[in-house]
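**Q** The structure is given below, and queries will be raised subsequently.
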Amino acid sequence: MPAGPQIKTSERCRKMPRLLTATSLSAAAFLIFWGAMWLWAATSSLGGQGGQLAYDPLFYPRALIFLGLVLAAAVLIYGLWTGASDRSGQDTRSALMAMGLSAGFLLTLKPLGFFLSSAIFMAAFALTFGYRRPLILAATWVATAGFVWLAFTEGLRAPLPGWPAFLD
């Protein structure tokens, strides 16, 4: 028999589920999702023009994808480090719905344009997660979409697709 402390099988089994919590599983799913979105953006060619900081219609989606990857990695590390329990009330379905809505926004950005895509995304996100104040939602969308539009088109010189492709 080897020297040293022996770990019982039941003790090992109790430690393993701490890694498989809703937090770590959701974060791992988000990492896979954002990784797939990064591959989609890397293999897409939507007629980038080169030039300034980013005359590329995928600049904005790539920035969001990168931030999503960083956030998902941070949540995964936190979930694995702390072994957060599933008693937090976290619902994995909510994470999956948020991933689907985010994918829908990124995939419709070019064909529908920034304003229409962001309006649809914000309304769908609000309805999905139970927010029911349309005037506040509309005001939030106008302020947010206007700020993002100005920041990217004027500040960064990275134009976003403004209008639906079928109107061009």
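The values are calculated or read from the model by the stated rules, or taken from the named source; none is laboratory data. The shown structure was predicted, so the numbers you read here are calculated from the model rather than taken from an experiment. Here the Cβ positions follow ideal geometry from the backbone for every residue, glycine too, while neighbour counts run over all protein chains shown. The area values use the complete protein model at the heavy-atom level, side chains included, leaving out ligands, DNA and RNA. Shrake-Rupley method; radii C 1.70, N 1.55, O 1.52, S 1.80 Å.
**Q** Collect the residues in segment 121-165 that are touching a Lys or Arg at 6+ places or on another chain (Cβ under 9 Å), open to solvent by less than 40 Å² (accessible area, probe 1.4 Å) and part of a helix (DSSP H, G or I), keeping them in residue-number order.
**A** Within segment 121-165, just Ala126 meets the criteria.
**Q** List every residue pair whose Cβ atoms sit under 7 Å apart, with the two residues 6 or more apart in sequence or on different chains, where the first one lies in segment 13-31 and is at negative phi and hydroxyl-bearing (Ser, Thr, Tyr) and the second, anywhere, is modelled with pLDDT of 75 or more and open to solvent by 40 Å² or more (accessible area, probe 1.4 Å).
**A** Thr23/Val75; Ser24/Leu80
Each row is one residue, and each column tells you yes or no for (1) in contact with a Gly (Cβ under 6 Å, 6 or more places away or on another chain); (2) at pLDDT 80 or above; (3) within 25 Å of Ala145 (Cα to Cα); (4) not in a loop (DSSP other than H, G, I, E, B).
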| position | (1), (2), (3), (4) |
| --- | --- |
| Thr23 | yes, no, no, yes |
| Leu46 | no, no, yes, no |
| Val70 | no, yes, yes, yes |
| Ala73 | no, yes, no, yes |
| Arg87 | no, no, no, yes |
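**Q** For the structure I just gave you, tell me whether Gly100 is modelled with pLDDT of 80 or more, within 30 Å of Ala139 (Cβ to Cβ), open to solvent by less than 40 Å² (accessible area, probe 1.4 Å) and part of a helix (DSSP H, G or I).
**A** no
**Q** Taking the criterion of being modelled with pLDDT under 80, out of contact with any Ser or Thr (no Cβ under 8 Å at 6 or more places or on another chain) and closer than 17 Å to Leu116 by Cα, would at least one residue in segment 127-147 satisfy it?
**A** Looking for residues that are modelled with pLDDT under 80, out of contact with any Ser or Thr (no Cβ under 8 Å at 6 or more places or on another chain) and closer than 17 Å to Leu116 by Cα, one finds none in segment 127-147, hence no.
**Q** What are the pairs with Cβ atoms under 7 angstrom where one residue, in segment 98-111, is aromatic (Phe, Trp, Tyr) and the other, located anywhere, is in a helix (DSSP H, G or I) and open to solvent by 20 Å² or more (accessible area, probe 1.4 Å)? Sequence gap at least six, or different chains.
**A** Listed by first residue and then by second, the contacts come to Phe105/Phe121.
**Q** Please go through segment 22-37 and give me each residue that is of a type in the set (A, V, I, L, M, F, W, C) and closer than 15 Å to Ser102 by Cα, ordered by number.
**A** Across segment 22-37, the qualifying residues are Ala27, Ala29, Phe30, Leu31, Ile32, Phe33, Trp34, Ala36, Met37.
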